[in-house]
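First up is the structure itself, then whatever we jot down about it.
The values are calculated or read from the model by the stated rules, or taken from the named source; none is laboratory data. Just so we're clear, the structure is a prediction, and the values are computed from it rather than from any experiment. Here the Cβ positions follow ideal geometry from the backbone for every residue, glycine too, while neighbour counts run over all protein chains shown. Surface areas here come from the heavy atoms of the whole protein model, side chains and all, with no ligands, DNA or RNA. Shrake-Rupley method; radii C 1.70, N 1.55, O 1.52, S 1.80 Å.
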Amino acid sequence: MKITQMSNVSWTQSPKVKATCTIDVNGFCIKECKVIDGNNGLYVVSPDKKLSKPYMDTYGKTREWEPIVWFPQDKRETLNDLVANHYDPNQQD
């Protein structure tokens, strides 16, 4: 697993999103992953899509967006470490 591309972003509607990246998993590339600056540091989230019909999940929360790719819990720490080591806040795009 490796980061093959990262681009810093400045989204006024989502200021915690710091970059987008592409993750290569054994030749399978996942594009448009988001790098988020959270309370405990940087972490990566999978690309997602807006649902045509929102639904209420089992916790009572209305879901309008759905992940396209699901990152298993046991891989998230590795992904977050990769992102933290690759992200450069001074990179100009």
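Please list 16-23, 36-43, 79-86 highest first by mean number of surrounding beta-carbon atoms within 10 Å per residue.
16-23, 79-86, 36-43
Considering only protein heavy atoms, what per residue accessible area in square angstrom results for the chain with a 1.4 angstrom probe?
Accessible area per residue, the chain: 73 Å².
How many angstrom lie between the Cα centre of the stretch 1-35 and the Cα centre of the stretch 58-93?
The stretch 1-35 and the stretch 58-93 have Cα centres separated by 8 Å.
Have a look at 86, 12, 52 and report the one farthest towards the positive end of the charge dipole of the chain, computed about the Cα centre with Cβ charges (Lys/Arg +1, Asp/Glu -1).
It is 52, whose Cα lies furthest towards the positive end.
Pairs of alpha-carbon atoms within less than 8 angstrom and 6+ residues apart define the contacts here; what relative contact order does the chain have, in percent?
So the answer I get is 24 percent.
Return the carbon/sulfur percentage of the accessible area of the chain, one whole number, probe 1.4 Å, all protein chains in place.
Its accessible area is 49 percent carbon and sulfur atoms.
Over 16 Å apart: what share of the alpha carbon pairs of the chain falls there, rounded to a whole percent?
Above the 16 Å cut-off, the chain has 58 percent of its Cα pairs.
Quick one: grab the alpha carbon gyration tensor of the stretch 28-71, order the square roots of its eigenvalues as a ≥ b ≥ c, and give me rounded if a/c is under 1.5, else prolate or oblate depending on whether a/b is larger than b/c.
Oblate.
Could you derive backbone 3J(HN,Hα) for the stretch 63-79 from the dihedral phi with the Karplus parameters 6.51, -1.76 and 1.60 (θ = phi - 60°), listing whole Hz in sequence and x where the residue is Gly or Pro?
9, 9, 10, 9, x, 7, 10, 9, 8, x, 3, 6, 9, 5, 4, 4, 4
Just to be sure I follow the rule: in the chain, considering lysines 8 or more places apart or on different chains, how many pairs have Cα atoms under 16 Å apart?
Eligible lysine pairs with Cα atoms under 16 Å apart amount to 12.
Please get the size of the charge dipole for the chain, origin at its Cα centre, with Cβ charges of +1 on Lys and Arg and -1 on Asp and Glu, quoted in debye to the nearest 20.
Roughly 300 debye, rounded to the nearest 20.
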